[in-house]
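The values are calculated or read from the model by the stated rules, or taken from the named source; none is laboratory data. Nothing here was measured: the structure is a model prediction, and the numbers come from that model. When we count neighbours, we look across all protein chains shown, and the Cβ atoms used for this are built from the backbone with ideal geometry, even at glycine.
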Amino acid sequence: MADDELPPLGDDAADGGASPDAWGDAGDDPMMGAERILNQDEIDSLLGFDMAEDDSGERNGIRAIINSALVSYERLPMLEIVFDRLVRLMTTSLRNFTSDNVEVSLDNISSIRFGDYLNSIPLPAILSVFLAEELDNYGLLTIDSNLIYSIVDVLLGGRRGTAAMRIEGRPYTTIERVLVQRMVEVVLNDAKTAFEPLTKVNFTLDRLETNPRFAAIARPANAAILVKLRIDMEDRGGRIELLLPYATLEPIRKMLLQQFMGEKFGRDNIWEGHLATELWTTQMEVRAVLDEQQVNLRRVLELEVGDTLMLNATPDSLVELRAGQIPLTRGRMGRRNHHIAVRVEAPLSPAAKRAVQRS
C-alpha cells in the first residue's frame, strides 16, 4: 500500500479510522477480528443434542459418534416381523379382555441406551418387570397413566364418550394395580406367542414398580430395543412401551438375523447330499483285536526271534473290531478259503453309532 493510501492516524471519532491501540487489541492475526461466539442452536446442532428432536429422528454430530455402538434394530430383520405379529395378537386379545373396540398400532421401533430410557419415562406410570425364562434375562413393560385410567374405566363399566378421570398426585390403588397386572399378563402371553415361530420363550411377570430406579434391569450404558405401541379404545387409550435389553436377545441373535422365517445360515443342501453320498463310499481301515497287554519296555527290547507271547484268549474268544480307537462291534475269528475272516456276532455299539452320526 502506498504512503498516500495509509489511513489517517487522527481522531477516530472524527475521521472513522482505527487507532493503533485498537489494532493492538485485535492482535497480530488478521483472522482474530473474524471470530464470533456460537449461539445455542449452533452448539446443539454441532453436538447433536437438539432437545426438540424426537428420539426416532436421525442423530448427528458428537451424539451420533457416541451412539454408534448402539445395536440398530434394522440389523435384526426378524424383530419387526415378531412385533408386527404381536400387534395383531394384542388387537384380538385386548378386545376379548376389555369387551370393547380396541385398536393396537405400532408407533416405532428404536435403539436406545437403558439409562436414557429410564430418564425419559413420563411419570406417573407403572413399570412391569418380566422374566424371559429360556433367555435367562429380564425385560420391561411400561404403561403410561392415560392407558392405566382408561383400562380401569373400561373394565369397571365406565360410560363411552367420556374421558377417563385422572387424579394427579396420588399413588395407584390396589384395584388399579391388579387390573393393570391382568392386562400385562395378557400382553406377555401374546409376546410369548409372537416369538414362538423363532423360539420357545415364556415371559413371566416378576413385579410391578412405579419408581424407575427400582426397575433397573440393566446397566445405564447398555443398549436396548424399545417398541412403542399405541392402544386406542374409541375416545380412550394410551401407550405401552416394551423394552428388551440387547443382553436378553443375545441368545437368539442368530435367529433374529434371518431375512425370512426358516432361513438356513451357511448351508447348501446340494453339497450336503453330495457329501453324504461320498461318505458311504469312503474306505475305512478296520482292525480286529484279539487281546491287548501292557508289557515293560525292558521286556519288549529283549524280545528275540522265536520268543512266545502268551495271550489271555482262547480259540473261542471273540475279537473286537475297531476303527482307529473307536470300538465298533465284536466277532469270531475263522478261516474262509485261504483268508482269515471275522464273523460279526454283535450289533454296532452305541458309541460307534454316535461317532458315525457325528462324522
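Of note:
- Annotation: of all residues in the stretch 302-355 being touching a Lys or Arg at 6+ places or on another chain (Cβ under 7 Å) and loosely packed, with under 14 Cβ neighbours inside 10 Å, the one that is nearest to R287 (Cα to Cα) is A341.
- Members of the stretch 180-204 found to be in contact with a Ser or Thr (Cβ under 6 Å, 6 or more places away or on another chain) and of a type in the set (A, V, I, L, M, F, W, C), listed by number: V184, V186
- Selected residue [of a type in the set (A, V, I, L, M) and modelled with pLDDT of 90 or more] from L70, L140, L76, L156: L140
- Verdict on R95 being under 23 Å from Q259 (Cα atoms), at pLDDT 90 or above, of a type outside the set (S, T, Y) and more than 21 Å from the chain's Cα centre (by Cα): no
- Taking the criterion of being assigned to a strand (DSSP E or B) and aromatic (F, W, Y), the only residue of the stretch 202-244 that qualifies is F203.
- Residue match in the stretch 196-219 (condition: among the aromatic types (F, W, Y), over 19 Å from the mean Cα position of the chain (by Cα) and surrounded by fewer than 17 Cβ atoms within 10 Å (Cβ to Cβ)): yes
- Applying a threshold of 8 Å to beta carbon distances and a minimum spacing of six or more residues, or different chains, the list of pairs starting in the stretch 221-232 at a residue that is buried (at least 21 other Cβ atoms within 10 Å of the Cβ) and ending at one that is part of a strand (DSSP E or B) and charged (D, E, K, R) reads A224/R113; L226/E241; V227/E241; L229/D107; L229/R239; L229/E241; I231/E103; I231/R239.
- On inspection, R298 passes the criterion of being surrounded by fewer than 17 Cβ atoms within 10 Å (Cβ to Cβ), charged (D, E, K, R) and at pLDDT 85 or above.
- Test: residue in the stretch 249-267 that is at pLDDT 85 or above and either among the hydroxyl-bearing types (S, T, Y) or more than 32 Å from the chain's Cα centre (by Cα) (or both): no
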